[in-house]
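The next block holds one structure in the form of C-alpha cells; read it before the comments.
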Amino acid sequence: MEKHGGDTIARFLEERCIPFVFTLCGGHISPLLTAARRRGLRVVDMRHEASAVFAADAVARLTGLPGVAAVTAGPGVTNTVTALKNAALAQSPVVLFGGAAATVLKGRGALQDIDQLSLLGSVVKQAFTIKHAGDIPGVLQEAFDAATTGVPGPVFVECPIDTLYPESLVRQWCGTRTGTAQTGGFRQRMLQFYLSRHVDRMFACSFEEMPVHPWAPESTRVAADHLAAVAEHLDRSRCPVVIMGSQAVLDPARLTELVQSLEHIGAPLYLTGMARGLMGPDHPLQMRHHRKKALQEADTVVLAGMPCDFRLGYGLAIGSKTTLIGINRSQRDLTLNRTPQLAIRADPGAFLVELAGHTATPGPERQAWVAALRERETTREREIDAQAKEATTGINPLDFLQNLDRFLDDRAVLVADGGDFVASAAYTLKPRSPLSWLDPGAFGTLGVGAGFAAGAQLSRPQAEVWLLYGDGSAGFSLMEFDTFARHGLPVIAVVGNDAGWSQIARDQVAYLEDDVATVLAPTDYHAVAEGLGARGFKLERQEDIPAVLAAARETAASGRPVLINVIIGKTDFRKGAISI
C-alpha cells in the first residue's frame, strides 16, 4: 500500500509507545486512523469528540504518557474545546490531531473550513499546523515536547487533508496526475501548473526515510540551596501542613519513592486532585476534614503542585502569620494571589523526594500536632456516620456511599463526574492507591465521566472502574455506554438520582427563593444503559445495596458494563457549600 502522511503520524506514535488513539471518525483523518490500527495501536471510537479528549486526558494522568485523540475538521474540532481547556487547567499532556481543509483550499469555502488555529490558540498550550507532508516528524516532535515539558498541557496539531492522504490520490483530486498533458485555455493551464507545483512541494519527501526522533524525558534536577532552605525551615516547624496537588504526581514511576519521602518528612497531608489516594485509604499522616482550620493554625504550609486559587480562598485560607512554601512548575501558579516566603520553581514530586534526604526525624511536638489533627478526623467521621443514618425519602446518599466504600477492592479506580452527590463522595470514599481518583480538576467540568472511565479502564484493564455520576452530569455522556459495550469496557457507573441539579438548587432556592431550571425528572437511567448494551439496576431500598453492588461486580467481571440507578433522598450534608 502506498505510504502517506497518516502512516508517518502512526509510526511516530508507535515509536513513542502510545497505546491508544481516541477518536470520532471523519474523512479528513481517515488515513491516520487506518494507519494507527495497522501499526497495532488501539483505535477507540467514541460517540462525542469531547469524550475522546477526556479519555486521552485520563490515559495521560494514569500512565504518564501523552494522551492522544484525533477528530475531524470544523465541528469535530470545535466540539473538543471544553475538554481541551479542562486538560489545560488540569495540566494534563494531551495531543489532539484535528483534520482540516486541504492547504490549497483554506479560506475558499471548503467543507468544514474554519480558522482552527485562532480558535484553539487560547485554549491549548500550543497549536501547530502541518504545511507539507515532509514537515510531519518535526511538527510532531515539537508538539509532544510542548505537551510534556515545563508545565504539561494539551496541544493541537492541525492536519490538512492533503498532508495525510497518499500522493497519487491528492494528485487525482487536484487534476495533476503525473504524465497528464495540460489542456484548456491559458487560465486553466496556469491553474494546473500552480496545482502541480503545489503538490510537488507538498510531497517533496520520502515517507520511508522520514526520521522519527527518540524521546528523552525531561530533567527534574533540584537546586541544592532550595533543598537546604526548605529542610532547615521544616526542621524548625512545630505545626507544618503539606497540601499536594495533581502536579506532584506527574511521574507514576516515582510514586512509591514519593510516599516513602513524605513518611520520612512526617508532616500531615491534605491531598487534592490526582494526588488523592497517594497514601492509600487510611494513612495516619493523611487528613481529609477541617483543612481550613488546620491551615489557620499551621506555622508552615508547603503547597506542592497547586496554586492559591478558589480552593484555598485565594490564599486567605492560609493563616496570615503562616510561612508559605510554594513548589510548582509554573511561575504564575507559584505567586497567584499570595507570594510564598519561599517560592521554588521545580517539579514538586521530585523536590519532595530529594527533600526527604535533607530533613531530620520529626520530634514529639510534630507527633502531637499530627495526633491533634487525627482526633478532629475521628470526630468528623462520627458526625458523618450519624448523618448517614438519618431517614430520607429515598436512599440516604451518605449511607449508600459508605456501603460502596466498604465494598471497593484495592484495585478500584474512582471517576468523579457531578456536583452534589459526587462532592459527598469525595468526603466518604477513600481512594485505595495512587492515581486511583479522577476528577475534572480546577475547571469543574461536567461531562468528563464516560471519557475518563474509558481511558481508565483501558489503562487499568484488571481494575474495577467506578464512575460516579450525578443525575445531571449523567446526561452529558450516557451515550458512551454504547462505546463501553462495543469495546468490552466493563465500567460500573453509579447515578445518584435525586431528580435535580441539587448543588445549584441548594443555594438558588435559599438565596433567590426559586428552583427554576434546577428540577429534573426521576429518569430510568438504568433503562437507557440497557438499551445501549449495558446491564442496568434500579436501587430504591437501603437493604438491597449489598446485593446490587455484588451483582454489578459479577456482571462487570463477565465483561459487560453496568449502570446502577440509585434513587437518593435530599440531605443537608453540603448545605451552604458554594464555590465561586
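See the values below:
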| read-out | value |
| --- | --- |
| Counted residues, the stretch 348-402 - those being surrounded by fewer than 16 Cβ atoms within 10 Å (Cβ to Cβ), over 30 Å from Ile568 (Cβ atoms) and small (Gly, Ala, Ser) | 6 |
| Scope the stretch 59-70; condition crowded, with 24+ Cβ neighbours inside 10 Å and in contact with a Leu (Cβ under 6 Å, 6 or more places away or on another chain); matching residues | Ala69, Ala70 |
| Residue under evaluation Pro490, criteria (1) buried (at least 22 other Cβ atoms within 10 Å of the Cβ); (2) more than 15 Å from Thr555 (Cα to Cα); (3) not hydrophobic (A, V, I, L, M, F, W, C), criterion not met | (2) |
| Matching residues in the stretch 7-30 - criterion: being over 26 Å from Thr82 (Cα atoms), touching a residue at least 60 places away in the same chain (Cβ under 8 Å), in a helix (DSSP H, G or I) and not hydrophobic (A, V, I, L, M, F, W, C) | Asp7, Thr8, Arg11, Glu15 |
| Residue that is modelled with the highest pLDDT [pool: residues in the stretch 1-58 that are more than 16 Å from Val448 (Cβ to Cβ) and among the acidic types (Asp, Glu)] | Asp45 |
| Tally, over the stretch 432-448, of residues that are of a type outside the set (A, V, I, L, M, F, W, C), under 22 Å from His48 (Cα atoms) and surrounded by fewer than 21 Cβ atoms within 10 Å (Cβ to Cβ) | 1 |
| Residues of the stretch 310-340 classified as surrounded by 15 or more Cβ atoms within 10 Å (Cβ to Cβ) and under 22 Å from the mean Cα position of the chain (by Cα), total | 8 |
| Counted residues, the stretch 98-133 - those being under 21 Å from the mean Cα position of the chain (by Cα) and under 15 Å from Thr72 (Cα atoms) | 2 |
| Residue in the stretch 263-281 that is of a type in the set (S, T, N, Q) and over 17 Å from the mean Cα position of the chain (by Cα) present | no |
| Residue selected from the stretch 290-309 under the condition among the small types (Gly, Ala, Ser) and within 18 Å of Arg376 (Cα to Cα), by the criterion surrounded by the fewest Cβ atoms within 10 Å (Cβ to Cβ) | Ala294 |
| Yes/no for Asp410 being crowded, with 20+ Cβ neighbours inside 10 Å, more than 30 Å from Arg332 (Cα to Cα) and either of a type in the set (A, V, I, L, M) or not assigned by TED's automatic domain parsing to the domain that holds Ala229 (or both) | no |
| Any hit, the stretch 179-198, residues being closer than 21 Å to His4 by Cβ and modelled with pLDDT of 65 or more | no |
| Those residues of the stretch 76-129 which are in a loop (DSSP other than H, G, I, E, B), β-branched (Val, Ile, Thr) and at pLDDT 90 or above, in sequence order | Thr80, Val123, Val124 |
| Test for Ala253: is it surrounded by fewer than 16 Cβ atoms within 10 Å (Cβ to Cβ) and under 18 Å from Ala346 (Cβ atoms) | yes |
| Cβ-Cβ under 9 Å pairs, at least 6 apart or on other chains, the stretch 459-479 side not assigned by TED's automatic domain parsing to the domain that holds Val528, far side surrounded by 24 or more Cβ atoms within 10 Å (Cβ to Cβ) | none |
| Helices (runs of 4 or more DSSP H) wholly inside the stretch 480-580 containing at least 1 residues that are touching a residue at least 40 places away in the same chain (Cβ under 8 Å), touching a Leu at 6+ places or on another chain (Cβ under 7 Å) and not polar (S, T, N, Q) | 481-486, 525-531, 545-557 |
| The stretch 413-427, residues that are at pLDDT below 95, more than 13 Å from Ser473 (Cα to Cα) and crowded, with 21+ Cβ neighbours inside 10 Å | Ser424, Ala425 |
| Looking only at the stretch 69-97, and only at residues there that are farther than 25 Å from Thr272 by Cα and among the hydroxyl-bearing types (Ser, Thr, Tyr), the one that is farthest from the chain's Cα centre (by Cα) | Thr72 |
| Test for Glu375: is it on the phi < 0 side of the Ramachandran plot and in contact (Cβ under 8 Å) with a residue 12 or more places away in the chain | no |
| Counted residues, the stretch 265-287 - those being under 15 Å from Val353 (Cβ atoms), of a type in the set (Gly, Ala, Ser) and not in a loop (DSSP other than H, G, I, E, B) | 1 |
| Count of residues meeting criterion [touching a strand residue (DSSP E or B) at 6+ places or on another chain (Cβ under 8 Å) and under 16 Å from Pro66 (Cα atoms)] in the stretch 129-152 | 7 |
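The rows are residues; the columns are (1) closer than 30 Å to Leu458 by Cβ; (2) exposed (fewer than 13 other Cβ atoms within 10 Å of the Cβ); (3) over 27 Å from the mean Cα position of the chain (by Cα).
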residue	(1), (2), (3)
Pro522	no, no, yes
His526	yes, no, no
Ala534	yes, no, no
Ala551	yes, no, yes
Glu554	yes, yes, yes
Pro561	yes, no, no
Ile564	yes, no, no
Ile567	no, no, yes
Asp572	no, yes, yes
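The values are calculated or read from the model by the stated rules, or taken from the named source; none is laboratory data. Remember, predicted model here, so these are calculated numbers, not experimental data. Backbone-built Cβ (ideal geometry, glycine too); neighbour counts: all protein chains shown.
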